[in-house]
1. Please express the shape of the range 133-174 as an equivalent ellipsoid: the semi-axes are the square roots of 5 times the eigenvalues of the C-alpha gyration tensor, given largest first in whole angstrom.
2. What length, rounded to one decimal in nm, is gained on full extension from D48 through to H100, with 0.36 nm per residue of separation minus their alpha-carbon distance?
3. Long-range amide H contacts for V158: which residues qualify at under 5 Å (H placed 1.01 Å from N, peptide plane, sequence gap of 5 or more or a different chain)?
4. Taking the Cβ of each residue in H100, H146, H54 as the centre, tally the other Cβ atoms inside 10 Å and list the residues starting with the fewest.
5. Could you please state, rounded to a whole Å, how far the C-alpha centre of the range 78-120 is from the C-alpha centre of the range 126-188?
6. If you take every residue apart from S115 with its C-beta less than 10 Å away from the C-beta of S115, what net charge results, scoring Lys and Arg +1 and Asp and Glu -1?
7. In nanometres, what is the gap between the two model label sites at T240 and L60, each 7 Å from Cα along Cα-to-Cβ?
8. For labels at R132 and E213 in the simple 7 Å Cα→Cβ model, what's the distance in nm?
Amino acid sequence: MPQPQPQQNPQAVGFLYPGHSAEDDYPRLEAVLRETGAGLRLPLVHTDIGEDAHRVDALLEMGSAARLADGMRELAGRGAQAVVWACTSASFVFGWEGAHEQVRGLAATAGMPASSTSFAFVHAARALGVERVAVAATYPVDVAEHFVAFLKSAGIEVVALRGSGIITAAEVGTWGRSETLAMAGAGDHADAQAVLLPDTALHTAAYLPGLEEALGKPVLTANQVTVWEGLRLLGRPVTTDRLGALFAR
């Protein structure tokens, strides 16, 4: 069967990524998408995070409108038709309404459709028909509880929560397959239809099939759902068996 040919002028989703930790997941994800012939680019720029801390006050500053606007100025001219704030914690800490306001402000600044990783988790769970989830977070529990509240506002029940107590994204970025698998397994629950790993500082792009095989259910991870959300904004679904159940549909 002939392979699909990429578009001559590929569409692009732009990502604003806080700091430096697991940003290499994005070229890895882009390479997988390229193998499908989808003809998509994923340009990424780094935003200034200020203090690297999984602490509510620091996260509110990290996700401030001024910092996102600075990131958009750097992303301008990269050919993006949609943009995603590639951060979970510095979106859900604003609460359901505040996170909507954050995205509306980003869309207005960007002049294009916009979203964030927190909303990506909600949309991904709905796409899979998932109503009950377990959350296995790298964050301290008090920060992770804000994510639980965010999911509850979306009508998603969290049947189990596990926090790992890690303060900095820099430390999360050092984790490999074994640490990620251990956290996901420890955070799983028999009643959960899926397990959510909400931190874009965590490398997961290379581990998705193995995570789902080990847990026997869909696993939604931050960088995975962030890219999927960007494709959703473009109206460009991509199917591959290398990025978990979310992309296998």
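Any read-out appearing in this document is the output of simple, stated calculations on the displayed coordinates, not a laboratory observation. The shown structure was predicted, so the numbers you read here are calculated from the model rather than taken from an experiment. We place every Cβ from the backbone using ideal geometry, glycine too, and count neighbours over all the protein chains shown.
1. Each semi-axis is √(5λ); the values are 21, 9, 8 Å.
2. Using 0.36 nm per residue and subtracting the Cα-Cα distance, I get 16.6 nm.
3. Amide H neighbours of V158, under 5 Å, 5+ apart: V133.
4. By the 10 Å Cβ count, ascending: H100, H146, H54.
5. Each part reduced to its Cα centre gives a spacing of 20 Å.
6. Net local charge, S115 excluded: 0.
7. Here the modelled spin labels are 3.9 nm apart.
8. 2.8
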